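Trainee: Dumping the structure here so I can ask a few things about it.
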Amino acid sequence: MEALISRIKRDGTVLGDDILKVDSFLTHQVDPKLMRQIGKMFAQKFADSGITKVVTIEASGNVPAAYVAEELNIPMIFAKKAKNVTMNDELLTAEVYSFTKKITSTVQISRKFLSENDKVLIIDDFLANGQAALGLINILKEAGAQIAGVGIVIEKSFQTGRALVEETGIPVVSLARIAGFEQGQVVFAEADL
Ligand code: G4P
């Protein structure tokens, strides 16, 4: 997606060997116009797939996921990382290990929002080691839902996530793919859209 790649080139910052900071338009401050374009790209790609729900994981997955869901005119569900007092329904849970934060968290979705009649599109802002996506896949399988694909805004193709998701048989569609970082610059691989 050209507009996204240009924006990463303009405003992204490389931190260390493997982190891309995009907090001016995606992960902290948000550019709604770019998000709308992202929503439209995924919605076009999956328009004929019979998707009934978009599923993501909080926090920054919520932003692109909401725009995709709006374009598809379907609900968006975000898996929660902490249980709050209102979550008194039956929960579907998965353990997600974060290599970045070095912690395991339990993510959860109320069972009442998912059923075997659902066909889900998973959306996330980053695909790195794939643990968040795999956790969501486990929850969706437990619910008996079908999974049409995993849509990613920025994939770090030099990490293991894409291969791990594809091993499950679920297609990955990424709007920007990063092959690596060289001297503080992003080297892009060919994107899926
Ligand atoms: P994984 O989910 O693919 O396994 O990734 P990993 O454990 O390595 O990453 C954990 C968190 O760090 C995720 O956010 C992920 O989106 C984010 N992340 C990974 N690589 C990058 C990067 O290069 N740049 C930025 N900005 N973020 C990255 P999270 O902790 O689940 O949630 P949140 O920050 O959305 O609350």
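Trainee: Nearest 10 degrees, 0 to 90: what angle lies between the long axis of helix 32-45 and the longest principal axis of the chain (Cα atoms)?
Mentor: The angle comes out at about 70 degrees.
Trainee: Right, something else. Between Thr27, Ala69, Leu92, whose Cα lies farthest towards the positive end of the dipole of the stretch 1-153 when Lys and Arg beta carbons carry +1 and Asp and Glu beta carbons carry -1, centred on the Cα centre?
Mentor: About the Cα centre, the residue reaching furthest to the positive side is Thr27.
Trainee: Still on this structure, I have one more. Could you pull out every residue, at least 5 positions away or on a different chain, whose amide H is within less than 5 Å of the one on Asn129? Hs are placed 1.01 Å off N in the peptide plane, and Pro or chain starts have none.
Mentor: Amide H to amide H, under 5 Å and 5 or more residues apart or across chains, Asn129 pairs with Gly161.
Trainee: Here's another thing I want to ask about it. Roughly what angle does helix 2-11 make with the longest principal axis of the chain, taking Cα atoms, 0 to 90 degrees, to the nearest 10?
Mentor: 70
Trainee: Okay, moving on. My understanding is that a pair violates if its Cα-Cα distance is over 26 Å; which of Lys81/Lys141; Lys53/Lys101; Lys9/Lys80; Lys45/Lys101 do that in this structure?
Mentor: Violating the 26 Å Cα-Cα cut-off are Lys53/Lys101; Lys9/Lys80; Lys45/Lys101.
Trainee: Rounded to the nearest 500, what is the chain's calculated 222 nm mean residue ellipticity when only DSSP H runs of at least 4 contribute -39500 (n - 2.57) each, over all residues?
Mentor: Taking each H run of at least 4 residues, the total per residue is -8500 deg cm²/dmol.
Trainee: Test of understanding: ordering Ile123, Ile5, Ile178 by Cβ neighbours within 10 Å, fewest first, what list do you get?
Mentor: Taking fewest neighbouring Cβ atoms as first place, the list is Ile5, Ile178, Ile123.
Trainee: Another question about this same structure. Expected output is a single nm value to one decimal: the length gained when fully extending between Glu70 and Phe188, i.e. 0.36 nm times separation in residues minus the C-alpha distance. What is it?
Mentor: Numbers: separation 118, 0.36 × 118 = 42.48 nm, distance 2.87 nm.
Going from the current span to full extension adds 39.6 nm.
Trainee: Under 12 Å from the Cβ of Gly61, count the other residues' Cβ atoms, weight Lys and Arg +1, Asp and Glu -1, and hand me the total.
Mentor: -1
Trainee: Given a Förster radius of 22 Å and the C-beta distance between Ala47 and Thr168 as r, what FRET efficiency does 1/(1 + (r/R0)^6) yield to the nearest 0.05?
Mentor: Calculated transfer efficiency: 0.40.
Trainee: Something else now. At most 11 other C-beta atoms within 10 Å and a DSSP loop state: those are the exposed GluC sites (Glu not before Pro) I care about. Give me the longest piece of the chain that has none.
Mentor: 1-89
Trainee: Looking at the square roots a ≥ b ≥ c of the eigenvalues of the Cα gyration tensor of the stretch 54-126, which shape do they give, rounded for a/c under 1.5, prolate if a/b is larger than b/c, or oblate?
Mentor: Judged from the Cα gyration tensor, the stretch 54-126 comes out oblate (a/c at least 1.5, b/c at or above a/b).
Trainee: May I ask for the angle, rounded to the nearest 10°, between helix 131-143 and the longest principal axis of the chain, with both axes built from Cα atoms and the value confined to 0 to 90°?
Mentor: Computed tilt is about 20 degrees.
Trainee: Could you tally the net charge around Gly184, taking each other residue with its Cβ under 15 Å from the Cβ of Gly184, Lys/Arg +1 and Asp/Glu -1?
Mentor: Numbers: positive: Lys9, Arg10, Lys21; negative: Asp11, Asp17, Asp18, Glu182.
Result for the local shell: -1.
Trainee: Let me ask something else about it. For Lys53, Lys141, what ranking results if the residue with the fewest other Cβ atoms within 10 Å of its Cβ goes first?
Mentor: Ordered from fewest to most neighbouring Cβ atoms within 10 Å, Lys53, Lys141 come out as Lys141, Lys53.
Trainee: In whole Å, what is the distance between the alpha-carbon centres of the stretch 39-88 and the stretch 152-193?
Mentor: 20
Trainee: Also: Determine, for Thr93, Thr13, Thr104, the number of other Cβ atoms within 10 Å of each Cβ, and report the residues in order from fewest to most.
Mentor: With the fewest neighbours first, Thr93, Thr13, Thr104 line up as Thr104, Thr13, Thr93.
Laboratory data are not the source of any read-out in this text; all were calculated from the coordinates shown. None of these values were measured; they are calculated from a predicted model. All Cβ positions, glycine included, derive from the backbone under ideal geometry; neighbour counts span all protein chains shown.
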